[in-house]
Each structure stands twice: as C-alpha cells, then as structure tokens.
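K.L.:
Before we start, here is the structure in question, set down as structure tokens.
The values are calculated or read from the model by the stated rules, or taken from the named source; none is laboratory data. Treat the numbers as computed from the prediction; the structure is a model and nothing was measured. Here the Cβ is made from the backbone with ideal geometry for all residues, glycine too, and neighbour counts use every protein chain on show.
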Amino acid sequence: MTPAPLKRILIVGGGTAGWMAAAALIHVTRGTVSVELVESDAIGTVGVGEATIPPIVLFNQLLGIDEDEFIRETGATYKLGIQFNDWLRKGEGYFHPFGVYGTRIDAASFHQYWLRLNKAGLDDDLGAYSVTTMAARMGRFTRPLRDPRSIASQMTYAFHFDAGLYARFLRRRAEAQGVVRHEGRIADVILRDGDSFIQSVRLDDGRELAADFFIDCSGFRALLIEGALKTGYDDWTHWLPADRAVALPCERSGPLKPYTQSTALDAGWCWRIPLQHRTGNGYVYCSPFLSDDEAQSTLRRRLDGDVLAEPNFLRFTTGRRRKAWNKNCLALGLASGFLEPLESTSIHLVQSGISKLLLHFPDTGFAQADIDSYNRLMQVEVERIRDFIILHYKATARDDSPLWRQVGAMEVPDTLKQKIDQFRSRGRVFRYDDELFQEANWIAVMLGQGIIPERYDPITETIPLDHVRQRLHQMKAAIRQGVEQMPAHEAFLADRAGP
C-alpha cells in the first residue's frame, strides 16, 4: 500500500528557527499540508543571533520577501564579512570577506598568482583584490549588478538583523498564509505503541496536539529529539572549549559599519554587530578560565554606548545531535546542536536544515533511506563548519593565556589537518562533499591566522611574471575605482529603511 501524504506538521517552539520553518513550509506546500506551531510567551528565546551569511538572501527570495521591507521590519544592516582582531597575535587583525578574490587569470586559482607575486616581493595586500573587502574598508555598499563588466557584479552580502524582529516578521507572513499558532507549554510527549514514533504532544492545559511529522525547535531543551526520542549527542568541547556566552545590547555609536567585528580576548572572544536601532555585543568564553561576573564586567567595559537591556547568559555544550532526523521528528536550530557563532552559521544551519528537508520531503511512510541521506548531509555540513571554526583557534601564535596555550597545542580532526597541510604546502584548497565554505573563505582565514604557503602552484609559471603583475595592477585599480563610486553604506541603507 502506498503511504499517505503528510496531512499535518507540528513545529514545537517558535523563535527564529520555528518561524523560519513555518514560513518556508507553508509557502512551499501551498496549503496542501496543515502547518501548526506551538510556543509559549512565558518561555524566552535565545534571540541573540544577529549576523548571517550570504545564503540568507536566497532564503528570503524563496519566500518572496521584499528586501527593502525586510530591512525596515528587522532593523537590518548589510554585512560584507567579518573583521577579526587579535586572533593571531594581539594588535593584529584581518578581514574575512564574502565573495571571491580577483578574477581568473589562467589555469590556477587567482590567489596562486598573487602568491607568486608575493614570493617575489612585489605585492602583499590580498584584500585589495576583494570587492567586498574594499567596500568594507571604505564603508560603501550597493547590491550586485547583473552586468559582469561591473565591479559591483562581485558584491556578495548578508545581513545583520534583530533575530526577534525577524521571527515576528516571519510569523506575520506565515500566519497570513495559514499557519496556526498554539499558545502553551509542552507538558508531555506521547509516543506511538509499537514503533515509538511521536504521536502527539500534551500541553500544560490538557490540550493534545497530534501530527504526522514533528519539527523540534525547542532550543537547548530539545524536548522531542532528545527528551522523548533519546537520540544522543556528540560533544565537541575538546576542540571548541567555550561553554558560556553573555549578550548585552547597547545604544548605537558612530557610523554603521557593513561588517561584523570579532575580537579575541584572554578567555574567548567578543562580537560587535551594528543594527539600525542598537549594537549587539557578546562575549563567548570558557568557564574554567573566566567567571560569569568577570565576563560581564569585561563586556561592559568594551561597550561604546549605554546598555539597553539586562545581560543574557547562555550555557551550552558545543556539538551535534547524533541524528538531526529521528523517526518522525526533525530537529532544527539549537535542538539539533550548537556551534559558537564565530562565523555566523547558526541561522544558516536552520536554513540548510529546512532546504534539505524540502529535498527529502516525506510521506507517512518515512522512508529510512531518505532519513539516512538527510542525516548524512547534515552531519557532513556541520562537521565541515566545525573544522572551519576550530581553525581560528588552532592557528594562533598567542600564548598569553591558558585558553590560547590549550587550543594552540591541541590535536585537530583529520579533515582539518589535511586542509591545513595542503594549504601550507602550496596554498591549495580542496573542498569535499559540497561543504559550505568556499575556497576564498579558507584562504582568508588561513592567511589571516598565519598559515603561509611554502610554495605556490607551479602551473602559474606558464604566465610571465611581468604579465601577472600587470594584470593584478589593473585589477586592483579597477576594484578601487569601482568601490569608490558606490554609495556609502548608511546612505544606501537610509534610502531603503525609510518610510
């Protein structure tokens, strides 16, 4: 007998993850499936996720969201990358941009020709060949143009936004399209006899909500995927030892920079994220090396505006759920695991989980092959992101505190070690299994963290050095000229964020 289609999906938990899932599912299924969400106003959400990466633009486009409306409704600013300060050494910094470096010259990647020039002592600023780096430095922004002859065609961007406002924005859209919201706390999860699939959830007022498929967006509590189904968790704190964070918003001060700032401190790192209506600040730290009171005091000293709220403390264990999809339950967001927000991947992993669900959309038969495929894809993606974040800690010359001595000396996953060894040898970056971060991302962080290739790709020798130098000189000049013609970030934003 052919399994019946899904009739009812229940999302447990709201926040960014829950309402992203609700908005996407009701939009894509066009009302053929009932999508419901249960959350409690009495339970707060983490709500500190404010920085994103470029795929969020595609997610908004999938939902048919007007970008100017989105900017107005979420307090958003544009993001061109991340400025890292004091990660390699105190007093030194580097910029990790979105987009690519340069344009292709011949058989090798662009950065290989730059490496060849650099080894000859002729050039040393790779950022000058990145449109987004130069735009960030000059405080400029424009949306990408379709004309490939324009420098602006290389603009790649994401957003900073208020996660709470984004969730409310998506909720309004989702409810307008038919999503039904239930107010209440989950008191119990009822499993089916025989196969232990989830049958329903019971709320604290006695109501029982049944569904064919459940999406767990209940945050760190993981009420369904772990509380009911006992799925298990892989702990990665031996590679990423930070286990605490404190977030503290403050008033805006100074110009709105089109990038996130991350500054390494003695026991972790601080973020600074500019929004239209406030600045987001936080300190991710290791509790064995720093108390909560010390973390809060350190963060307060770094603020450049008046505090707008009480500090929000988070406790977490870095790692991932062993199965993101178990039986008829799929976990998104913090319920599926946690990676610190160093590269702004938290909201992306929600988006990725939703996208992969749509590719494996089930019926009531819940084919195990599809579930296994989903879990494998999510596992590989999360592990590659994990490696990228570990790289920031491992590749450091700092030895001025116990944390930096610990992470500098630690063993890393073989997948990361291979990438480091290949880059250190000849500056090569090989990507596997459709991983998230592109060649340019690895180049920026490898070089920024002091991993300098010993040699360059020998295939670059097929082009005369003078020709390479001329091409790069022209490229650099064109990028600077093109960026100088872009509007200021705040001016561009004001034109879109106004009434």
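K.L.:
Scan Asp399, Asp433 and give me the residue that is within 30 Å of Tyr456 (Cα to Cα), of a type in the set (D, E, K, R), touching a helix residue (DSSP H, G or I) at 6+ places or on another chain (Cβ under 9 Å) and at pLDDT below 95.
P.N.:
Numbers: Asp399 fails: at pLDDT below 95.
Criteria check complete, one pass: Asp433.
K.L.:
Output the strands (runs of 3 or more DSSP E) that fall wholly within segment 227-284 and possess 3 or more residues being closer than 26 Å to Arg137 by Cα, or say none. Before you say what the answer is, go through the steps one by one.
P.N.:
Details: elements: 233-235, 244-247, 260-265, 268-274.
Here the list reads 260-265, 268-274.
K.L.:
Go through the residues of segment 233-246 one by one and say whether even a single one is among the acidic types (Asp, Glu), within 21 Å of Glu340 (Cβ to Cβ) and touching a Ser or Thr at 6+ places or on another chain (Cβ under 9 Å).
P.N.:
Going through segment 233-246, the residues among the acidic types (Asp, Glu) turn out to be 234-235, 243.
Filter once more, so that each one left must be within 21 Å of Glu340 (Cβ to Cβ): 234-235, 243.
Right, trim to touching a Ser or Thr at 6+ places or on another chain (Cβ under 9 Å) and you get 235, 243.
The answer is yes; a qualifying residue exists.
K.L.:
Against the condition in contact with a helix residue (DSSP H, G or I) (Cβ under 6 Å, 6 or more places away or on another chain), surrounded by fewer than 19 Cβ atoms within 10 Å (Cβ to Cβ) and either without any contact (Cβ under 8 Å) to a residue 12 or more places away in the chain or on the phi > 0 side of the Ramachandran plot (or both), how does Asp370 come out, does it pass?
P.N.:
Numbers: in contact with a helix residue (DSSP H, G or I) (Cβ under 6 Å, 6 or more places away or on another chain): no; surrounded by fewer than 19 Cβ atoms within 10 Å (Cβ to Cβ): yes; either without any contact (Cβ under 8 Å) to a residue 12 or more places away in the chain or on the phi > 0 side of the Ramachandran plot (or both): yes.
So Asp370 fails the test.
K.L.:
Need the failing condition index for Asn60 against (1) touching a residue at least 60 places away in the same chain (Cβ under 8 Å); (2) outside any loop (DSSP other than H, G, I, E, B); (3) under 22 Å from the mean Cα position of the chain (by Cα), just the number.
P.N.:
So Asn60 meets the others, but not (1).
K.L.:
Going by the conditions given, is Val350 part of a helix (DSSP H, G or I), touching a helix residue (DSSP H, G or I) at 6+ places or on another chain (Cβ under 6 Å), more than 30 Å from Gly91 (Cβ to Cβ) and at pLDDT 95 or above?
P.N.:
Judged against the criteria, Val350 is a match.
K.L.:
Is it fair to say Arg72 is surrounded by fewer than 19 Cβ atoms within 10 Å (Cβ to Cβ), among the basic types (Lys, Arg) and on the phi < 0 side of the Ramachandran plot? Spell out the reasoning first.
P.N.:
Values: surrounded by fewer than 19 Cβ atoms within 10 Å (Cβ to Cβ): yes; among the basic types (Lys, Arg): yes; on the phi < 0 side of the Ramachandran plot: yes.
In short, yes.
K.L.:
Answer yes or no: is there a residue in segment 303-316 that is surrounded by fewer than 18 Cβ atoms within 10 Å (Cβ to Cβ) and touching a Gly at 6+ places or on another chain (Cβ under 8 Å).
P.N.:
There is at least one residue in segment 303-316 that is surrounded by fewer than 18 Cβ atoms within 10 Å (Cβ to Cβ) and touching a Gly at 6+ places or on another chain (Cβ under 8 Å).
K.L.:
With Ile105, Ile82, Ile43, Ile65 as the choices, which residue is crowded, with 21+ Cβ neighbours inside 10 Å and β-branched (Val, Ile, Thr)? Before you say what the answer is, go through the steps one by one.
P.N.:
Working: Ile105 fails: crowded, with 21+ Cβ neighbours inside 10 Å; Ile43 fails: crowded, with 21+ Cβ neighbours inside 10 Å; Ile65 fails: crowded, with 21+ Cβ neighbours inside 10 Å.
Result of the check over Ile105, Ile82, Ile43, Ile65: Ile82.
K.L.:
Would you mind listing the helices (runs of 4 or more DSSP H) fully within segment 373-450 where at least 1 residues are surrounded by fewer than 16 Cβ atoms within 10 Å (Cβ to Cβ) and charged (D, E, K, R)?
P.N.:
Working: elements: 402-409, 414-426, 439-448.
Result: 402-409, 414-426.
K.L.:
Could you check segment 207-218 and list, in sequence order, the residues that are in a strand (DSSP E or B) and more than 23 Å from the chain's Cα centre (by Cα)?
P.N.:
Listed by number, the residues that qualify are Glu208, Leu209, Ala210, Phe213, Phe214.
K.L.:
Could you check segment 291-311 and list, in sequence order, the residues that are under 24 Å from Tyr393 (Cβ atoms) and either assigned to a strand (DSSP E or B) or touching a residue at least 40 places away in the same chain (Cβ under 8 Å) (or both)?
P.N.:
Step one: of segment 291-311, the residues under 24 Å from Tyr393 (Cβ atoms) are 291-292, 294-299, 301-302.
Residues satisfying the conditions are Asp292, Ala295, Gln296, Leu299.
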